[in-house]
Amino acid sequence: MDRISDTHEKPSSSIETSEKPHSSWIQALSIERGGIERITPDQRQENVTHFWNACTFWLSSNMAVATLTTGALGAPMGLRFWDSFIVILVVNLISDLLPAWTAAFGLTGLRMTTFSRYSFGYWGNLLVVVFSMVATTGWNAINSISGAAVLNALSDGRCPTWAGVIIICTVVWVLCVLGINWIHKLDSLIWIPPLIVWCVTAGTGASHFSNTEPRKFARSEDRAAAVLSFIAIIFSFSVSWVNCAADYNVRMPVNTSRGKIFGATYIGIFVPSVLVQTLGAALYTGTLHNPEWKAAYTTAGVGGLLRMALEPAGGFGKFLMIIAALSSIPNNIPNNYSFALHAQNFGPWALRIPRVALVTFGFITSLIVGCCAAQYFKDTLQTFLSVIGYWTVIHIVIVAVEHVVFRRGWKGYDLDAWDDPRRMHFGWSAIAAFGAGFVGAALGMKVAWYVGTVARLIGEGANVGHQLTGVFSGIVFLGARWVEKRLGGI
């Protein structure tokens with residue numbers, strides 16, 4: 001049995017044997033070839049990715065205007081700035097551990113959606129595939145709208161939001177077609193310009209920030225409900241990277257430390273998330289006592305707040321707004337790039353579809369969804385951030401229980417079985433846990449159109465769906481997987 005250790009690896013290269021001849025211009029552009037086939041240690045002897053790329057990749061992805069928008073959602077719920085800041089800091093400290101942990105799974109040479117077959121089963125993993133594709137499409141659209149809103153505010157409405165979505169999605173598509181080598185090279189430096197934007201914004205807008213209470217809560221339970229709902233939003237943003245964090249480390253040298261990957265990924269997600277979300281929370285406070293800021297937010301969302309904050313910088317401020325809008329490009333790369341890798345897990349027939357074709361399909365889908373969702377962005381963002389986190393919780397809970405309880409660590413995986421359904425369980429236990437998890441979500445969720453039975457028990461309604469989802473799915477999977485192993489032996 002081929003374990004996760006680096007011994008007894010197959011000498012043949014599944015990627016090399018499955019590739020068809022490529023034209024010279026594709027080779028000249030160094031366009032990535034292959035798909036979700038496992039990258040074996042002998043294929044990683046040439047060091048094409050360094051461990052610090054795991055940090056700069058996520059720095060670029062999270063140093064984005066969508067992160068800013070997320071942080072600004074606490075005040076509309078009634079939270080003061082310092083309340084929002086504490087939630088942002090504490091939740092990120094804990095929740096960012098999850099994508100950092102799954103990032104190390106890439107050292108197996110398998111992408112996260114493929115690796116999930118070991119816990120969800122070969123056929124049960126189709127749930128992971130479908131929901132991962134839905135999640136990446138949704139995030140692609142939402143993040144594009146965030147950047148497009150800045151372009152809309154900068155142009156005083158002359159650049160419609162849908163046009164900004166097209167611009168951002170198109171650039172993302174080009175980079176994802178080129179592949180991971182190009183992406184890592186660009187992400188080494190592309191996080192720096194947005195960081196400069198946020199620093200200048202904090203300086204020029206600071207005089208308008210305040211700790212004014214957005215609204216008075218009638219009861220302490222209502223305040224608790226608002227805090228819990230904001231916790232759910234920040235948590236969902238952080239854990240959204242769980243289903244793709246491993247994808248960008250599969251070409252790391254085989255002797256790369258898992259601890260280094262974990263640390264680099266954690267820093268890359270935690271630092272920009274806390275800094276930019278905190279700035280978003282601060283920017284919204286300007287609307288509480290300044291009618292012009294309030295009008296700007298009503299008209300153009302966070303894009304309007306950016307324009308007001310950077311107005312003292314004159315023409316330079318407008319230039320910085322362009323950079324802020326373009327920060328949505330690295331923010332969206334993980335979504336469009338991993339969409340193709342998710343899709344190839346449908347089965348052997350999907351492996352025969354070129355990665356570039358699937359990236360293009362994901363681009364077109366995100367374009368359509370983004371242009372349609374732009375009109376309802378505020379409600380769309382809050383609802384999507386809350387709901388998509390439920391599925392991610394189920395994903396990480398099942399993978400963690402399988403890894404710790406049933407595989408007992410890294411040596412419990414037959415890595416050669418990744419594409420062989422005969423050497424994997426069907427996945428009935430994961431399917432049962434998936435259903436149980438969504439029962440928990442239904443009881444605890446609070447969104448614009450629905451408040452669950454348990455959620456209604458806390459003040460005006462609190463989003464506690466993630467907690468219930470984790471408990472329900474974890475307990476059911478633990479029992480059902482034990483039964484499945486006793487009956488099936490895998």
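The values are calculated or read from the model by the stated rules, or taken from the named source; none is laboratory data. All of these numbers come straight from a predicted model, not from anything done at the bench. When we count neighbours, we look across all protein chains shown, and the Cβ atoms used for this are built from the backbone with ideal geometry, even at glycine. Quick note on the areas: whole protein, heavy atoms, side chains included, nothing else; ligands and nucleic acids left out. Shrake-Rupley method; radii C 1.70, N 1.55, O 1.52, S 1.80 Å.
Side notes on the structure shown:
- Tilt relative to the chain, helix 355-373 - C-alpha long axis, 0 to 90 degrees, to 10: 30 degrees
- Size descriptors for the range 398-487: radius of gyration and Dmax over Cα atoms are 16.5, 52 Å.
- VAL451-ALA357 pseudo-label distance in nm [points 7 Å out on the Cα-to-Cβ vector]: 4.9 nm
- Cut-off 19 Å (backbone N to label point 7 Å along Cα→Cβ of TRP349), residues of the range 107-148: 122-131, 133
- Between helix 465-488 and the chain: long-axis angle, C-alpha atoms, 0 to 90°, nearest 10: 10 degrees
- Treating r as the C-beta distance of ARG423 and ILE86 and R0 as 60 Å, the FRET efficiency rounds to 0.80.
- Rounded to the nearest 10 degrees, the angle from helix 377-401 to the longest Cα principal axis of the chain is 30 degrees.
- 20 Å reach of a label modelled at TRP482, 7 Å along Cα-to-Cβ, counting backbone N of the range 94-126: 119-121
- Where N is the number of residues in the range 251-365, Cα Rg divided by 2.2 N^0.38 Å: 1.52
- Rounded to the nearest 500, the 222 nm mean residue ellipticity of the chain from helices alone is -20000 deg cm²/dmol, with -39,500 (n - 2.57) taken per DSSP H run of at least 4 residues.
- Computed with every protein chain present, the accessible area of HIS403 is close to 10 Å² [probe 1.4 Å].
- The phi torsions of the range 256-264, fed into the Karplus equation with coefficients 6.51, -1.76 and 1.60 and a -60° offset, translate into couplings of 5, 6, 4, x, 5, 5, 4, x, 5 Hz, rounded to whole numbers, with Gly and Pro shown as x.
- Solvent-accessible ranking of SER257, SER119, largest area first, probe 1.4 Å: SER257, SER119
- Calculated log₁₀ intensity ratio I(q)/I(0) where the Debye formula runs over C-alpha points of the range 100-197, q = 0.21 Å⁻¹: -1.20
- Its Cα gyration tensor gives the range 26-164 an equivalent ellipsoid; the semi-axes, largest first and in whole Å, are 33, 22, 17.
- Exposure of ARG251 as accessible area (Å², to 10), given a probe of 1.4 Å and all protein chains: 50 Å²
- Hz values of 3J(HN,Hα) by residue in the range 155-165 - Karplus curve (6.51, -1.76, 1.60), Gly and Pro given as x: 8, 6, x, 6, 9, x, 4, 5, 5, x, 4
- Rounded accessible area of HIS50 (nearest 10 Å², 1.4 Å probe): 70 Å²
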